[in-house]
Amino acid sequence: MNTETQPPSPRERFYRRERRSVPAARAFAREALAAWGVRERADDVVLCVSELATNALLHGVPPGRGFLLRLLPCGDGVRVEVHDSGDGVLAVPQTDVREPGEGGRGLLLVSELADKWGVGERDPGKVVWCEVGVA
C-alpha cells in the first residue's frame, strides 16, 4: 500500500438490500484501492468484498434494511468489513463442498483468499470481516 505521504483514510458506504448493491460494492472497493495505490492482490480484495456483500444480502440483511461496507488500511493490508443487522448465523466453510450449483462457496473463497477472516458481534446483527495483505 502506498503510504508515503499519509496513511489512507478508511472508506465506508451503506447499501440497500437489492441486487445492484453487490456490483456497486465491488466498484466502490476498486475505487478505494486505486486511490490508496493498491495493485497487488486488488482482485482478491474485490472478490472478498463481493462474496461478503452477497452473503449479507442473502443471509444477513432483513427486508427493508441494508448493509455497511467498510474498507480500512491495516498494517500492510486491507481490512474488509460487512456489517448487517440480521440474526443469521454463518456456517463454517467446508472444503469438501461437492454439491452441484453455485451456492455455499462464498465464505470458502474468502477463507482461501484472505490472510484472516472472522465474525464479530453487533447490536443488532454481526460484522463479517477479512484481512488481505497487499504489500
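The values are calculated or read from the model by the stated rules, or taken from the named source; none is laboratory data. These numbers were taken from a predicted model, which means no experiment stands behind them. For neighbour counting, all protein chains shown are included, and Cβ atoms are generated from backbone atoms with ideal geometry for every residue, glycine included. These area figures cover heavy atoms from the full protein model, side chains too; ligands, DNA and RNA do not enter into them. Shrake-Rupley method; radii C 1.70, N 1.55, O 1.52, S 1.80 Å.
Scan the range 42-64 and report the pairs whose first residue is at pLDDT 90 or above and part of a helix (DSSP H, G or I) and whose second residue is acidic (Asp, Glu) and open to solvent by less than 10 Å² (accessible area, probe 1.4 Å), with Cβ atoms within less than 6 Å and a gap of 6+ or a chain change.
These pairs meet every condition: ALA56/ASP84.
Can you name the residue in the range 102-120 that is in contact with a helix residue (DSSP H, G or I) (Cβ under 8 Å, 6 or more places away or on another chain), outside any strand (DSSP E or B) and closer than 16 Å to HIS59 by Cβ and is also modelled with the lowest pLDDT among such residues?
GLY106
Could you tell me which of the residues ALA32, ALA25 is farther than 17 Å from VAL134 by Cβ and open to solvent by less than 40 Å² (accessible area, probe 1.4 Å)? Full working, then the answer.
Numbers: ALA32 fails: farther than 17 Å from VAL134 by Cβ.
Of the residues listed, the single one that is farther than 17 Å from VAL134 by Cβ and open to solvent by less than 40 Å² (accessible area, probe 1.4 Å) is ALA25.
Kindly indicate whether ALA42 is closer than 18 Å to GLY133 by Cα, open to solvent by 40 Å² or more (accessible area, probe 1.4 Å) and among the hydrophobic types (A, V, I, L, M, F, W, C).
It is false that ALA42 is closer than 18 Å to GLY133 by Cα, open to solvent by 40 Å² or more (accessible area, probe 1.4 Å) and among the hydrophobic types (A, V, I, L, M, F, W, C).
With the structure loaded, tell me whether LEU47 is within 28 Å of PRO124 (Cβ to Cβ), open to solvent by 40 Å² or more (accessible area, probe 1.4 Å) and touching a Leu at 6+ places or on another chain (Cβ under 7 Å) or whether it fails that test.
Spelling it out, LEU47 is indeed within 28 Å of PRO124 (Cβ to Cβ), open to solvent by 40 Å² or more (accessible area, probe 1.4 Å) and touching a Leu at 6+ places or on another chain (Cβ under 7 Å).
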